[in-house]
Amino acid sequence: MQILFAPSKEEVEWAVRVAIADDKASTSGRGAWTLDGKMIDAPVVGKARAIIKKAQGCGFDIESIMLQWQSQEPE
């Protein structure tokens, strides 16, 4: 039996925003960028993607959250 502690809704939304913006930043060749005035680099993106994976395992509807934030851009 595996017990998962669910991330908060706010953590999941932050992680989704990071993942979406990172995909866009990667497409334009950017390695590091900012979101809400904070630098985002590979370790932060890794943390965000881990939160998303955990959230999926806890039953969050990640696709709906991604649709809500699909216009997120890296700063």
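Enumerate the residues in region 4-32 having an amide nitrogen under 14 Å from the point lying 7 Å beyond the Cα of Cys58 toward its Cβ.
The answer is 4-16.
By a straight-distance test (C-alpha under 13 Å), which aspartates and glutamates pair with Lys38 as possible cross-link partners, with residues fewer than eight away in the same chain excluded?
In chain and number order, the partners are Glu75.
Which one is right for this structure if percent of Cα pairs over 15 Å apart is calculated from it: (i) 66; (ii) 62; (iii) 52?
(iii)
Laboratory data are not the source of any read-out in this text; all were calculated from the coordinates shown. Being a predicted model, the structure only gives us computed values, none of them experimental. In this analysis, Cβ positions are derived from the backbone assuming ideal geometry, glycine residues included, and neighbour counts consider all displayed protein chains.
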